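Every number in this text was worked out from the coordinates using simple rules, so none of it is lab data. If you're wondering where the values come from, they're calculated on a predicted model, not measured in any experiment. Quick reminder, even Gly has a Cβ in these numbers, built from the backbone with ideal geometry, and neighbours come from all protein chains shown.
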Amino acid sequence: MSSQFDLVVHGPAFKRDHATAIARICNVQERAIRAFEHSARIPINEPDPVMRAAVAAHCQQTNLDHAFVPPGKKLSDFGLLAMDMDSTLITIECIDEIADMQGIKPQVAAITASAMRGEIDFPESLRRRVSLLAGLPQEALQRVYDERLRLSPGAETMLARLKGLNIKTLLVSGGFTFFTERLKARLGLDHTLSNTLEIADGKLTGKVLGSIVDAQAKASRLAELRTALNLQHDQVIAMGDGANDLLMLAEAGVSIAYHAKPVVREHATYSFNHAGLDGVLALYDPR
């Protein structure tokens, strides 16, 4: 009888011994394990709550991620991957780093963290944070991009594989076009959506132009693009880390909470707490 799931165990700390231990937990013969450099696939039948808890505990102790993936599902079955920018595609929260140029990072970061936990309405939190940036020279944005912005581990590996399979990419962010458009050009992303900071006389005014890209705007853009590409719900992957990503994640057949807040992990299909963005390949395109 074929397995109902592949239990995928993956992460930078992965070793073959980890897969062997987890196979024992699942009462699976070691010869059934398919091991790769940073992951393994273990065929299992329907996992019961005891097995799920034991696997989760082992992975937590060994700094690994795990996922119960339908067998035979391939990355090429998907047509679109949508992702958040701050703390997902990149390692920083851009607005926090911009605020640091103004000497007010702690105040802005506190509002950011509260918004990502879902404690504050996102549009209101963004207006409050941006208002604190009034008077900052626009050159500060370029400094943040040049000096502080870093891609999350595995980003380029993931994106190269997506491009090779002609899977479209959408970068949708409550952050700013200054950064999304530069990342689009740099990484060859297909689509972006984000907010535009108002600048006058070379300085930030403390305002955002036009409608704010909030949780609903993110979800609507994904749904719109999914329809335009003639894709089904289960042909879309979405990745995010904060509460304002939840509606977008719900629009995708597969949702991934990337180093995310607890409220996001609770609602996502899979969680990456240790793996980089290329953990997507471990799920669907191991090699």
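Structural remarks
- Gain on full stretching of the segment that runs from Thr91 to Gln216 - 0.36 nm per residue minus C-alpha separation: 42.7 nm
- Note on Asp190 and Ile104: the model spin-label points, each 7 Å out from Cα along the C-beta direction, lie 4.0 nm apart.
- Cβ-Cβ distance of Glu224 and Glu147, R₀ of 41 Å, FRET efficiency by 1/(1 + (r/R0)^6): the value works out to about 0.75.
- Inter-label distance, nm, simple model (7 Å from Cα along the C-beta direction), Asp201/Thr157: 5.0
- Compared with the dominant Cα axis of the chain, that is its longest principal axis, helix 215-228 is turned about 60°.
- Annotation: the residues Cys94, Cys59, Cys26, sorted from fewest to most other C-beta atoms within 10 Å of their own C-beta, follow the order Cys26, Cys59, Cys94.
- Efficiency of FRET from Cβ geometry, Glu139 and Glu181, R₀ 30 Å, rounded to 0.05: 0.95
- Crossing angle, helix 122-131 versus the chain [Cα axis fit, 0-90 degrees, rounded to tens]: 40
- Solution diffusion estimate, µm²/s, Stokes-Einstein, region 77-284, Kirkwood Rh from C-alpha pairs, 10 °C, viscosity 1.306 mPa s: 93
- The chain - mean residue ellipticity at 222 nm from DSSP helices (-39,500 (n - 2.57) per run, n ≥ 4, rounded to 500): -11500 deg cm²/dmol
- In summary, the aspartates and glutamates within cross-link reach of Lys203, defined as a Cα separation below 14 angstrom excluding same-chain residues under 8 places away, comprise Glu139.
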